[in-house]
Amino acid sequence: QRGARGGPVAVSAMPPKGTKAKAKAKAKAKAKGKAKGKANDATSLEKKRTAAEHVSQPSSPPRASFSKKPRTKAAVEPVEPAKATHWILMEDLDWKQDGIKGESTELGRYKTELAAIKAAKQQREYSCFFEDWAEEHYGDDDPPYWSGDGENYDDDQYQTFYLISPEEQDRIAAAKLARVQKAMASKPPPKATAKGKGNDKGNGGANTAVEFGEVQAKIPAYDEGIFVRNPCRFPGAQPVDPSRFPGSGTNSMLYQMQKHSDCFYLLRDFCLELDGEAVGARYTVYNNPKYLSHSMAWLSGPNNLNDLSNDPEASETIVDACHAGLFDTSPSGCIVLTDANHLVECCSPATMSLFLNMYTENARGNPVQCPGFRHGSVAQAIERTEGHLQCLAMAESMVDAQMLRALAQCPDLRGVHFKQCTGRAAKASSASSGAAEGTVEPPSDQDIAAMLRSCPKLEWLHFDVSSSSCGSRGDYFGDDSFSALADGCCPNLKVLWVDSTQHTSTHLHCSLAEPDTIRRALGPGSALASSLKICMVNPDNFKKTRYVLGGQARTAATGLGPGRGKQAPDQLEGSNRG
């Protein structure tokens, strides 16, 4: 029995634009017609239609799987789909607040329109959203059925039942095919340029030689074809259909993946300094009305996925699991196809860069699931590089102590980027979660400090790892980590971005480390005061650092902007007050 009120789905593949809107408009038009006394004549309905057998939903095609990582992978031309022959019954659950979409579910496929209508009426009868009023209101009317017609203001959501005809399915399929073909034929947009307002002014433009920090620039253009033109080389990936991903333009899921990918390839260029050329690191901050905090985007470096997708040498040194081809979206949610066994197999002593996105344990009720995740697999992959790994970049993934200890065995490590990752202790595994037996040790301040002291060549450190319980003082990036930096363990560090705070009974966003410890690491005469180009410690909602470098040699970009942070050379901002 359906109709239970559930929470919104964070990521879901919604029906094509316009389908649901037409259904609601049709439902409202019918209600208005009844109010004016227009009777619906359905006397010949049963005579014109015959009952039909319900057809179960076809299973999805098998996914490709490879035992070894291919050197290159050519784009696969999209195939024109077969003509639709069945009617589809859909259900939508939308929150009443403007702009908040809920779950869209396919309930079944039917050979005839009559069978689909009969099923829609049954679903309406089972639903508490239509209880006590729908039968009198709709009578023998065909779908769509919209719970808003009942004017039940106590409900938190609207429920809609509607049909998609074979003709409409063919139109939608043709539009999807045209969209994929257009994305495949598209050319990469020009890389974002900046009007030199970084701390080191160079020749203006994208991330070139000595430019660092926040700049006034347009956000990178949305490239819908980046993951279509450049198929994923990671085993188990599938061709990318942009229409299957929620959102549009710069508010889409694909754009967030594009930003992660651009950032990860920038990290690689920055740390490896290929062809002997130094690379800067610049970003732009912008206001997205959907979020309380400002958003940011790193400007692309000399190379990104467009430049290196078919590079044989890059395919041997980069394991890139930050790709839309590893996301299987559907109306019920999203399955991450990154598999632990493939991850370990892809890494070798030749691997220098490892990129991961949404590689984390399954959480009950989360619409994004990664059934191939296994605790300890990232550490195993790092160990397979035999200490040659130089860049590790992860977004919205799980970080644990075993991973940090494996990084400590990589003396040539130059870049670590953890963006919106989690380090919470894992629960005992289950067969459905795909986790290893037992529990996993979360990262600790001591593990981070040991990793920093073991990697003297580190140049880029972005540490944004949260705990579900907010942790106690000393967890994650705390006193030991900042003390290691104060001791000069990373003399080449140029980018330091740390977001590690806790809430107390009286204050918000307090630093995990003692303020004096942070001041000692960043203060006058410290090694970081001379080496850092970007310093961002516990940024606020506007991406402004709460601690800035002090001393005569202070050159790091802090995001303070023109006319801000002009304290005397021997002063240092910083407070443990949120």
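Looking at segment 283-425, the DSSP beta bridges with both ends there are about 30 percent antiparallel.
Across every pair of different alpha-carbon atoms, what Kirkwood hydrodynamic radius in Å does segment 289-387 reach? Provide the component values of the computation, followed by the final result.
Working: mean 1/r = 0.0647 Å⁻¹.
Evaluated on segment 289-387, it is 15.5 Å.
Solvent exposure of Asp154, expressed as accessible area, is near 130 Å², computed with a probe of 1.4 Å over the protein chains only.
Report the trypsin sites (Lys or Arg not before Pro) located in segment 285-394 that are in a DSSP loop and have at most 15 other Cβ atoms inside 10 Å of their Cβ, or state none.
On the way: sites: Lys290, Arg364, Arg374, Arg384; in loops: Lys290, Arg364, Arg374.
Sites meeting the loop and neighbour criteria: Lys290, Arg364.
Computed over protein heavy atoms with a 1.4 angstrom probe, the accessible surface ordering of Glu313, Glu273, largest first, is Glu313, Glu273.
Note on segment 87-165: the C-alpha convex hull projects to 5.1 nm² when averaged across all orientations. The equivalent ellipsoid of segment 241-355 has semi-axes of 26, 22, 11 Å, largest first, where each one is the square root of 5 times an eigenvalue of the Cα gyration tensor.
Exposure check, 1.4 Å probe, all protein chains in place: Arg405 carries approximately 110 Å² of accessible surface.
Largest first, the residues Asp339, Asp447 sort by 1.4 Å accessible area into Asp339, Asp447.
The spread of Cα positions in segment 338-416, taken along each principal axis and listed from longest to shortest, comes to 40, 21, 17 Å.
The values are calculated or read from the model by the stated rules, or taken from the named source; none is laboratory data. The model shown is predicted, which means the values in this text are computed figures rather than measured ones. Every residue, glycine among them, receives a Cβ derived from its backbone with ideal geometry; neighbour counts consider all protein chains shown. The accessibility values were calculated without ligands, DNA or RNA, using every heavy atom of the protein model including side chains. Shrake-Rupley method; radii C 1.70, N 1.55, O 1.52, S 1.80 Å.
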